[in-house]
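Since the structure comes first, as structure tokens, the remarks are kept for the end.
The values are calculated or read from the model by the stated rules, or taken from the named source; none is laboratory data. Here the structure is a predicted model, which is why all the values come from computation and not from measurement. Here the Cβ positions follow ideal geometry from the backbone for every residue, glycine too, while neighbour counts run over all protein chains shown. We work out accessible area using only protein heavy atoms, side chains counted, and drop any ligands, DNA or RNA first. Shrake-Rupley method; radii C 1.70, N 1.55, O 1.52, S 1.80 Å.
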Amino acid sequence: MEGRVITRATGRAAGPTTGFALLPRSAGARRFPAFLAGVGALVIALAALHIGLGTVRIVPGEVAAALLGRAADPVHRQIVWELRLPRTLIALVAGAMLGLAGALLQAITRNPLASPSLTGVSAGGVLAVVAWLSFAPAGLAAAGVLPLLALAGGLTTITLVYALSWQGGSDPTRLALSGILVGAICSAITLILLVLDAQRIGSVLRWIIGSVNGRVWVHWEILWPWALAALPLGLLSAGAANALGLGDATAAGLGQRPERARAALLFVAALLTAGAVAVVGAIGFIGLIGPHLARRLVGDDARRAFPLSAVVAAAILLAADVVAQALTLEFPFGDATRRAGLPVGALTALLGAPFFLYLMLREER
Amino acid sequence: MSTIGRNGRDGTTLAALRAAEVRVGYGERAVLDGLELDIAPGTVTAVVGPNGSGKSTLLKTLARLLRPDAGAVFLDGAEIASLPTAAVARRLAVLPQGPTAPGGLTVGELVEQGRYPHAGPLRMLRMQDHEAIRTALALTDMTTYAARPLDGLSGGERQRAWIALALAQDTPTLLLDEPTTFLDIGHQLEVLDLIRRLNRERGLTIVLVLHDLNQAARYAERLVVLDRGRVVADGAPQDVLTTALLAEVFGVRARILADPESGAPLCLPYAVVGRD
């Protein structure tokens, strides 16, 4: 036993080591760069297509020319720069934020069914907007106020959800459950307000369904600071999410404070969700399906799953809106009818769910 | 077996871990009550006792996963509650009972988490981190499994992966809560042999909670028997495992033989006497 003090663990291999070598990497780790680049390229292609779609259709070549300021038609240049580019950027960034929020929430709750709508943040944001539209004096409903209200509503909700789930400590399951309950209550109140004040349904509906229609630079101005703050925060929390994913006891054994980490990650997810909902409304499903697809491609390690979730969700939102814009329909709008794209939120689940189901069934076989 | 330890300045043995008058309770009920325990460096100690005797609670308290209501735990002489949590994690690794991880995580990714207290989150792994991970995988015979996802492993392999995670923390002290639960007998021995090897070859101080008294007697040099939150017996297996103790603490009548393989005491319970 005399050797025991000398040979205490030093981190050196028991046998002679033959220099420094990396471990064999997992399939997910090897694929990650290719998938990130591939989905990134898909996002760019979809963005080019997306800019061209709308009431006035512009072919991708002309879109590129307009972006470079060399479009043949000055109207096209104006449409692309004033209307379409902000809309596409907003769809892309909001999609990424919702995807990353979903990935964070699935990691925090250790529940693959978690999504931004599950935490009540989306519902809380929508309720704040609807309540404002119903009760605020007319004329105050400026476009700039609503997103800030959605943010305030979303962050208030998450605080409430966290407080309700606290019983001498937080718990992933209780957190998910109280998120669903608070979200359901917010949605119910929203519906009651709508029923009481049916004229406003038109202006409120797009918040509830979620849409990027009519989103221009004013809205981008609201979105980008949140994205700039919250997206890097979310990506940087991947290491903490990995440790937390091993369970509270293991995480604490590794030197993490699980309660603190969970609260911090939940707050980041709420920031991401609230920022996105504030501008595009409660677009459902992409925060659920994006992270799922990403993990399927590169595995459960959050350092890969988080960035890919963001990019995949951005691609899904863009793709869904490309379809929505292609299906431009005549809408009854007050007394007149107006041509407009479908709200994308109406399509994300409709297109996403069958695809998701297909993936699940294929996995079973 | 004598306890060989580093000597404190006053000539007394400085314990790797020490619990001093620890009381832990869930509400009114005290699970641990005025518990005293010293763990000498470089020793293997098995904590045994009937269900609900406070074994897991003791291990969690030693690992600062539970904060005692009264008393304190000292790690290398410093009160554990006053140390930064990452500093504790660099000196003490703990493997909780029945740990879970996302099934798509690979063995390598799991073991890499052991470097969490050494490198900050998201900081790139440095050369010593890679080395610690490789060593942990080699010690547990998991090197060839590094790229395999956890949900494709057998129970024994998965448990070795979790032990590798704790080893990658590269701590002088290792606490394990029932590391052999849910494993078949072959895998149980494999894990226990590994634990013994870690102690003998690398000098790790090991405290483990075990259910199987015979395994505890064979693999640990010291048994700590808990009953109702108190240490009722403490010492070398052959001194601790007596028919009287088995009747009093576990409520069984048993014959005690010497294990023909190791010489360790071997108990064969044959009747329940019941406990008050």
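Of note:
- Surface/4 of the Cα convex hull for chain B, nm²: 16.0
- The range A:96-189: mean projected area of Cα convex hull, nm²: 6.4
- Residues in the range B:193-202 carry Karplus couplings, in order, of 4, 4, 4, 4, 5, 4, 6, 6, 8, 10 Hz; the curve used is 6.51 cos²θ - 1.76 cosθ + 1.60 with θ = phi - 60°, and Gly or Pro positions show x.
- Mean projection area, nm², convex hull over Cα of chain A: 24.9
- Nearest-10 value in Å² for the accessible area of A:Leu68, using the 1.4 Å probe: 120
- Most mobile listed residue (A:Gly28, A:Gly124, A:Gly168) in chain A, GNM with C-alpha springs under 10 Å: A:Gly168
- 5 angstrom amide H check on B:Ala70, placed H, neighbours 5+ away: B:Arg23
- Here the extension length gained between A:Trp166 and A:Asp197 equals 7.6 nm, from 0.36 nm per residue of separation less the Cα-Cα distance.
- Once A binds B, the 1.4 Å probe can no longer reach about 3800 Å² of accessible area, counting both sides.
- Average accessible surface area per residue within chain A, 1.4 Å rolling probe, Å²: 44
- In units of the rule-of-thumb radius 2.2 N^0.38 Å, the protein assembly as shown shows an alpha carbon radius of gyration of 1.16.
- Note, ³J(HN,Hα) from phi for the range A:262-270, Karplus 6.51, -1.76, 1.60, rounded to Hz, x at Gly and Pro: 5, 4, 5, 5, 5, 5, 4, 4, 5
- Average other protein chain Cβ within 10 Å of Cβ, residues A:156-165: 0
- Here the range B:69-222 is treated as a Stokes sphere of Kirkwood radius computed over C-alpha pairs; at 37 °C and 0.692 mPa s its diffusion coefficient rounds to 203 µm²/s.
- One equal scatterer on each Cα of the range A:223-280, no solvent, Debye formula: the resulting log10 I(q)/I(0) at q = 0.15, 0.30 Å⁻¹ is -0.47, -1.13.
- Normalised contact order of chain A, rounded percent, pairs of Cα under 8 Å and 6 or more residues apart: 27
- The range B:21-57 versus the range A:63-101: alpha-carbon centroid distance in Å: 65
- Relative to the dominant Cα principal axis of chain B, helix B:127-139 is inclined by about 50°.
- The mean sequence separation of alpha-carbon pairs under 8 Å and at least six residues apart, normalised by the residue count of the range B:101-170, gives a relative contact order of 53 percent.
- Helix-only CD estimate at 222 nm, as mean residue ellipticity for the protein assembly as shown, using -39500 (n - 2.57) per DSSP H run (n ≥ 4): -16500 deg cm²/dmol
- Between A:Leu318, A:Leu196, A:Leu98, the residue with the greatest mean-square fluctuation in the GNM of chain A (Cα pairs under 10 Å linked by springs) is A:Leu196.
- Gaussian network model of chain B, Cα within-10 Å springs - most flexible of B:Gly27, B:Gly186, B:Gly263: B:Gly27
- With all protein chains in place and ligands, DNA and RNA left out, the 1.4 Å accessible area ranks B:Asp234, B:Asp239 as B:Asp239, B:Asp234, largest first.
- Three-way shape call for the range A:165-269 based on the alpha-carbon gyration tensor, with the a/c threshold at 1.5: oblate
- Heavy atoms of B:Met127: accessible area, 1.4 Å probe, square angstrom to 10: 110
- Amide H contacts of B:Thr45 (H built 1.01 Å from N, under 5 Å, at least 5 apart or other chain): B:Ile206, B:Val207, B:Leu208
- Within the shell defined by Cβ-Cβ distances under 12 Å, the residues around A:Ala103 carry a net charge of +1, with Lys and Arg each +1 and Asp and Glu each -1.
- Using a cutoff of 8 angstrom between alpha carbon atoms and counting only pairs six or more residues apart, the relative contact order for the range B:165-276 works out to 18 percent.
- Note on the protein assembly as shown: with neighbouring protein chains present and a 1.4 Å probe, carbon and sulfur make up 62 percent of its accessible heavy-atom surface.
- For B:Leu226, distant residues with modelled amide H under 5 Å away: B:Val48, B:Gly49, B:Val232
- Residue-by-residue Karplus 3J(HN,Hα) for the range B:245-259, coefficients 6.51, -1.76, 1.60, Hz, glycine and proline x: 5, 4, 6, 6, 8, 9, x, 10, 8, 9, 9, 10, 10, 9, 4
- Positive-end residue of A:Leu89, B:Ala87, A:Gly125, charge dipole of the protein assembly as shown with Cβ unit charges: A:Leu89
- Averaged over the residues of peptide B:108-118, the number of Cβ atoms from other protein chains lying within 10 Å of each residue's Cβ is 6.
- Taken per residue, the accessible surface of the range B:101-170 reaches 35 Å², heavy atoms only and a 1.4 Å probe.
- Global form of the range B:235-276, assessed from the alpha-carbon gyration tensor, a/c cut-off 1.5: oblate
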